[in-house]
Amino acid sequence: MLTGMIGILAEMTNSNSTGIDRRTLLKGAAAATLGAASLGAASYWLGGVSRVSRSLGKKVIVIGIDGMDPRLTSSMMREGLLPNLAKMSSQGGFSDLATSCPPQSPVAWANFINGAGPGSHGIFDFIHRHPHEQCQPFYSAAETVAGQGGLEIGEHQLQLDFWPFLHKPAETILRRQGTPFWDYLDEAGIPSTFYDIPANYPPSPSKHGHHRCLSGMGTPDMLGSYGTYQYFGEDGPQKTVDEAGGKRSKLRFIGDTANCKLTGPENGFLKTPVPIVIDFQVHRDRSANCVVVEIQGTKILLKPGQWSHWTRLDFPLTGPSFVPTKHVSGICRFYLLEGDPNFRLYVSPINIDPSAPAVRLSEPTEFVQDVSKELGLFSTTGFQEDHKARTNGIFRDEEYLRQASFVLEERLALLEYAIKNYDDGLLFFYFSSSDLQSHMFWWNSDERHPTRSAPEAQKFFSHIKALYQKLDAVIGDLHDRYGSRATVMVMSDHGFANFGRQFNLNSWLRDNGYLNPHECTSIMDDVDWSSTTAYGLGINGLYLNLKGRERDGIVEPGAQEDALKDELATRLMAVQDVDGQSVIRGVYRSDKVYTGNATELAPDLIIGYRRGYRASWETCLGGLTPAVLLDNDSAWSADHCADALEVPGLLCCNQTIRSKNPSLIDLAPSILEDFGLKTPSSMTGRSIFST
Amino acid sequence: MSDLTIRATTQLNQIANGIGRLLLSPLGSLPAFFGAVVVAIVTGILMLIAFKYTSHQSAMKKIRSGIKAELLALSLFKDSIAVSLGSQWRIVAGALKSILVSLIPIACMIVPVTLLLGQLSLWWQARPLQVGEDTVITLNLAGNEKSSWPEVDLEPSPAVQTNVGPVRIRSKRSICWNLQALEPGYHNLVFHVDGQNVEKQLAVGQHPMRTSIQRPAWNWTDVVLYPAEPPFDPKSPVKSIEIQYPPSSGWATGTQSWLIFWFIGSTIVAFCFRGVFKVTL
């Protein structure tokens, strides 16, 4: 092509004529067009080449099963109840997988992501605090930062992020620090796809275009919360009540129709944002014992005990009159708990619509829409099983189980999509079911269950076993399809334990003179910081009220700080329950167990509870109770936020596991090694495939 | 609107349905985008030809030439305020005249274009149900809150399964069913209302099909908007029957976008071909 063009140019320059004749001009034009087309095609091809997978057909599939317990799995494998995991173990290996300290999901998954401990990623608990605000809590893996600036027009505020205004709209930032291991794959041209990886919201960007992901745990709903259901019942309170994870409203029928209001996201165009409310109607036919829910022109028919499909809702964000109304879309499901005589309707948290997401849910942005084109609507919040509806008594156990089974069905459909669209490189797929069902139904001992009779406890525990069998079948199917051609890893971030007794750390600190005054009910309200040397926040964290770090700190850094840490650790280790049983297995000094550059927000001590114990519900957010040790009478009757040694995760792989004590932080280096990449210096883990 | 208008519109709908079924049937097998493009091209050209023969072309040309001349005057005598203002006024007047001249072709085309849009909406306003998918069907009864409540039931059909219903909304005189589609194809759902049989069409299939969202009431607007099925007689105990079909997707044939795509597409086509057909627009 190039020679053709040169020839024509030569012909044109050699021409004796003073002008360019028509024939030559046409030839030149044709050649130029062809040349441009070739150049375009070549550029496209070269661009394509740079995006082509360099994994050379190598496949690694990682199935992350949150909270799958190695003890239960081993015993079920021995009983022949998990034949596929047993088969895979015999081919490769099965092992406990050391979890994070503390063994909380955001911490553990961030360990997995970075191939290094919390000191590298800066996530130490579900809940963190800003020391300069003393103890104001926020979700550790992501934080929404308020916007700055704006044009005020009447009751509205416009944020314009372009010159000359340069306002800063509110944004949610991922607080996980360090380099995720997929960045190394991305750089090497190896494709990786992650479905619902926790601790990755908003999803981290891909520099080279080889990484795709759907964000998982930590993804909010349309209300900006981690899942807020709405309940409408004739037995509801006179005024709508906000309860942890939900809203409860009274519904009144006039004739056969009741008018209700569904609360949506806040209108950010308002100076003082207020939620957008959607009016909807419920028509009850007592003779048929059915209802019709009529919302935004859509009718939904429900019998008692029936769930609707996902329903798309439109929320108009109205600004000043000259600004076009912006629309955001959410999705929810309706569930008729009871029709008559006491009407009770549950509306699921309003999820971000995957077909038209209001915020970025995936990397690349359009990935979630591509998935939705094939699968339709599906839940997008980080916590999909509505455990709050169960703990607040909206759901009974069976209802929660049913809702959780819907989540699993959706996950399995998504897994099918994932497999169908997987060629090579790394495929990671996450299951939340084992974690959020175990929290409610796990009880693996003959000890008295705090709220259930022994047969009931066993009945519900059998659901967990059935779930393990279901997941085993999924793994078997995957292994049959890819076992001979791929490295298949099944891993969990931690195990599980009963949670029968709760320990209020703040109450203990109060009783032992570390937290004052003695009448204090919450460190958020009535604590006297001038006489408080330590406080508890989050599930496993204990903080000193350190001078120079905490806003009202009084403990001198250095010798006093060290002495206090040692004293607290010693005294906490000695705590015993009324029956003489030890409550705490280990107390860890963060300055000794964490290494890395991201330790700024780390607690000073990490409390490792024994199996059966956990931090009390109140102490997690700074509350105090008269008693230090209490029964846990919540439906949430099992947990994993104990000592890391009490609740290891599991690893099952179809390749030989050579490492004797594999840990979560070892998986990223192992995956990289399987793709022929060296362990980066940012990782402290070592490959499980090497001795 | 008078009964006569509604009857006339119903007759026109019947003709349009016959032609539409025949001419638009390829939309059922063509890729959606391609079908939308073909429709935009064909209708754009047809509207152009119709405009040519129903408009006063020489008057149009004269107006256009006048506007061009005034535009030239504007550029040549831009320093003269009097000439500029005069030209601007004559341009506005020319534009108004061209609208006036276009009124006759618009009047000639409004009926066929409305019928055409009615037919296109059957293809693109919603998608048919898929086998296994469920939907809500609502039968709206005539009368008011004090009227007696007739006996209504849905005749069992192998094409559908009733999941929930009938559920009565007394305040709205409506009866709803949740039906699950079992068999692909066009089906007639038969309702028994106080001994009378009334029917409603249902479309089930994987590919694009004519979907009749509503069998309309005896109301002119509804008859125009929902042309596929005849309206219920004003004396009928049933006012209307509607099916909640899922919205169709795609930016050329989606529920929210097909009309915009068709309008812009056919306008562009008409402008592109005005030279070929020697039409002054």
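A short reminder: the numbers here are calculations on the coordinates, not readings from a lab. Quick caveat: nothing in here was measured; it's all calculated off a predicted structure. Cβ atoms come from the backbone with ideal geometry, glycine included; neighbour counts cover every protein chain shown.
Quick notes on this one:
- A DSSP coil position with no more than 10 other Cβ atoms inside 10 Å describes the following trypsin sites (Lys or Arg not before Pro) in segment A:113-207: A:Lys207.
- Net charge, A:Thr380 excluded, C-beta distance under 11 Å - Lys, Arg +1, Asp, Glu -1: -4
- Partner shielding of A:298-304 amounts to 6, given as the average count of beta-carbon atoms from other chains within 10 Å of each residue beta-carbon.
- Spin-label model distance (nm) - A:Glu366 vs B:Val42, 7 Å beyond Cα toward Cβ: 3.0 nm
- For the pair segment A:641-671 and segment B:155-202, the centres of their Cα atoms are 57 angstrom apart.
- Over 21 Å [Cα-Cα, segment B:134-243], rounded percent: 33 percent
- Here B:His207 and B:Gln256 are evaluated by their C-beta separation; at R0 = 25 Å the FRET efficiency comes out at 0.75.
- Extension gain (nm, one decimal) between A:His130 and A:Asn259, 0.36 nm per residue minus Cα-Cα: 42.2 nm
- DSSP beta bridges in the protein assembly as shown [antiparallel fraction, %, rounded to 5]: 80 percent
- With a Förster radius of 22 Å applied to the beta-carbon distance between A:Ser690 and A:His208, the computed FRET efficiency rounds to 0.20.
- Most mobile listed residue (B:Gln130, B:Gln196, B:Gln88) in chain B, GNM with C-alpha springs under 10 Å: B:Gln88
- The residues neighbouring B:His192, those whose beta-carbon lies less than 15 Å from its own, together hold a net charge of -4 under the Lys/Arg +1, Asp/Glu -1 convention.
- Of all DSSP beta bridges in chain B, antiparallel share, percent nearest 5: 95 percent
- 10 Å Cβ neighbours from other chains, averaged over peptide A:291-297: 3
- Backbone amide hydrogens, once placed in the peptide plane, bring A:Gly305 within less than 5 Å of A:Leu336, A:Leu337, A:Glu338, excluding anything fewer than 5 places away on its chain.
- Here the spin labels are modelled as points 7 Å beyond Cα on the Cα-Cβ line, and at B:Lys278 and A:Gln469 they lie 8.4 nm apart.
- Helix-only CD estimate at 222 nm, as mean residue ellipticity for chain B, using -39500 (n - 2.57) per DSSP H run (n ≥ 4): -16000 deg cm²/dmol
- Which listed pairs, of B:Lys52/B:Lys278; B:Lys146/B:Lys235; A:Lys59/A:Lys678; A:Lys58/A:Lys470; A:Lys239/A:Lys261; B:Lys146/B:Lys239, have C-alpha distances above 20 Å, in listed order: A:Lys58/A:Lys470
- Those lysines that a straight Cα-Cα span of less than 27 Å connects to A:Lys168, excepting residues fewer than 8 apart in one chain: A:Lys207, A:Lys271, A:Lys326
- Backbone N under 13 Å from the A:Val277 label point (7 Å along Cα→Cβ), restricted to segment A:220-240: A:239-240
- Approximate spin-label separation A:Gln296-A:Asp566, in nm, with each point projected 7 Å along Cα-to-Cβ: 6.2 nm
- Taking a Cβ cut-off of under 13 Å around A:Thr193, the surrounding Lys, Arg, Asp and Glu residues balance to a net charge of -3, with basic ones at +1 and acidic ones at -1.
- Top of B:Lys146, B:Lys172, B:Lys52 by mean-square fluctuation, Gaussian network on chain B, Cα under 10 Å: B:Lys146
- Structure-based [θ]222 nm, chain A - -39500 (n - 2.57) summed over DSSP H runs of at least 4, per residue, nearest 500: -8500 deg cm²/dmol
- Table column - 3J(HN,Hα) (Hz), segment A:636-646, Karplus curve with 6.51, -1.76, 1.60, x for Gly and Pro: 6, 10, 9, 7, 9, 7, 10, 6, 4, 6, 7
- Among B:Glu133, B:Glu145, B:Glu229: highest mean-square fluctuation, GNM of chain B, C-alpha pairs under 10 Å: B:Glu145
- Once you reduce segment A:572-630 and segment A:258-336 to the center of their Cα atoms, the two points are 43 Å from each other.
- Taking a straight line from the alpha carbon of A:Lys592, these lysines sit under 23 Å away, with near neighbours fewer than eight places off in the same chain left out: A:Lys547, A:Lys565.
- Normalised by the number of residues in segment A:162-269, the average gap of Cα pairs under 8 Å and 6 or more apart makes the relative contact order 16 percent.
- Panel note: the C-alpha atoms of chain B, placed on their principal axes, show extents of 79, 44, 32 Å (largest first).
- Taking every residue in B:157-169 and counting other chain Cβ atoms within 10 Å of its Cβ, the average works out to 4.
- Qualifying trypsin sites (Lys or Arg not before Pro) in segment A:349-458, where qualification requires a DSSP coil assignment and no more than 13 other C-beta atoms within 10 Å, comprise A:Arg396, A:Arg448.
- Packing here is the average count of other Cβ atoms within 10 Å per residue, and on that basis the peptides B:5-14, B:92-101, highest first, run B:5-14, B:92-101.
- Residues of segment B:121-143 with amide N under 15 Å of the 7 Å Cα→Cβ point at B:Leu182: B:131-135
- Segment A:305-405, relative contact order in percent, only Cα pairs under 8 angstrom and at least six apart counted: 19 percent
- Placing a label point 7 Å from the Cα of A:Arg658 along the Cα-to-Cβ direction, the residues of segment A:72-108 whose backbone N falls under 17 Å of that point are A:92-94.
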